[in-house]
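A short write-up of the structure that comes next.
The values are calculated or read from the model by the stated rules, or taken from the named source; none is laboratory data. Note that this is a predicted model, so its numbers are computed, not measured. Here Cβ is always computed from backbone atoms with ideal geometry, including for glycine, and neighbour counts include all displayed protein chains.
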């Protein structure tokens, strides 16, 4: 097991968020990198001790690589906010990554650089070695589990996304245009790179219901499971939800004099299809209408050999 410490506003919500991530083995809230030993909650809030409300995270790096854990942490915070998250204001609510192993430094630095590239304003996350940490009072531990209606600055949707985050984007990469032209058929290239649509019913996976997963044809990133595939009658493969909500990106589409929500893959930014609200109500009510040309199917019996064994539990 490995450990790392995250500060990001009130530790009640951050602890619950981090604890919900697959691969996190334990969490503990406390006070880190302050100027006195074992402060009380009142001292941290009112006596300028310099501590940050922090969550100690023990995790399995074989299941949850550090770069993936960092990406999920960023989704729980406003990385541009100084000494404030949600309605909580003060230095104890600052954002920070505190590490105990120097081997983590290059991973954290590279991750921070990727995050910074998304903003013109400087991000406010401090990155420091852990100087000290003391556990908070017992009533703070797993506070939201004990008090389900308690205050939390992190919305319910973020908890759900964290709990369902199982696909690490760092494990996949997008080929350049030249490589894609060589790798893909003309139809696959037109669909994924030029937003084309293949003919209904006359496509590879419209009537495929064999157990397995469907991955992005451009990157191999897993997108959909056969367990969530259903016959919609529309002429294209239809799914009630993705394997992991983070593997797709939604975009407004006003083409063809219609208002639709386009679906693109996360790592490859490939056009996949569209999502509609006429799916099975018992499965959430959504229909992800996807072009076969944007997908590669991996049968269940081949998943382990091709590196997708961690998803076998999703296949009925």
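Observations, loosely collected:
- When the range 1-38 is filtered for residues that are assigned to a loop (DSSP other than H, G, I, E, B), closer than 17 Å to residue 68 by Cα and in contact with a strand residue (DSSP E or B) (Cβ under 6 Å, 6 or more places away or on another chain), the ones remaining, listed by number, are 1, 23.
- Residues of the range 30-62 satisfying the condition of being in contact (Cβ under 8 Å) with a residue 40 or more places away in the chain and more than 18 Å from residue 84 (Cα to Cα): 37, 38, 39, 40, 56, 57, 58, 59, 60, 61
- Filtered residue count, the range 207-219, keeping only those that are surrounded by 12 or more Cβ atoms within 10 Å (Cβ to Cβ) and out of contact with any strand residue (DSSP E or B) (no Cβ under 9 Å at 6 or more places or on another chain): 0
- Among the residues of the range 227-278, those that are part of a strand (DSSP E or B) and in contact (Cβ under 8 Å) with a residue 24 or more places away in the chain comprise 230, 238, 239, 248, 250, 262, 263, 265, 271, 272, 273, 275.
- The condition of being under 21 Å from residue 315 (Cβ atoms), at pLDDT 95 or above and touching a helix residue (DSSP H, G or I) at 6+ places or on another chain (Cβ under 7 Å) holds for residue 272.
- The residues in the range 39-55 that are surrounded by fewer than 22 Cβ atoms within 10 Å (Cβ to Cβ) and within 12 Å of residue 97 (Cα to Cα) can be counted, and the count is 0.
- Evaluation of residue 190 against (1) at pLDDT 95 or above; (2) in contact with a helix residue (DSSP H, G or I) (Cβ under 7 Å, 6 or more places away or on another chain) (one fails), failing number: (2)
- Those helices (runs of 4 or more DSSP H) lying entirely in the range 88-186 with at least 3 residues within 30 Å of residue 49 (Cα to Cα) and without any contact (Cβ under 8 Å) to a residue 24 or more places away in the chain: 105-116
- Selection status of residue 23, surrounded by fewer than 20 Cβ atoms within 10 Å (Cβ to Cβ), farther than 18 Å from residue 131 by Cβ, within 15 Å of the chain's Cα centre (by Cα) and free of Cβ contacts under 8 Å to residues at least 60 places away in the same chain: yes
So that you can scan it fast, the table gives a plain yes or no per residue for (1) closer than 23 Å to residue 148 by Cα; (2) under 24 Å from the mean Cα position of the chain (by Cα); (3) surrounded by fewer than 21 Cβ atoms within 10 Å (Cβ to Cβ):
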| position | (1), (2), (3) |
| --- | --- |
| 3 | no, yes, yes |
| 75 | yes, yes, yes |
| 95 | no, yes, no |
| 102 | no, no, yes |
| 109 | no, yes, yes |
| 113 | no, yes, yes |
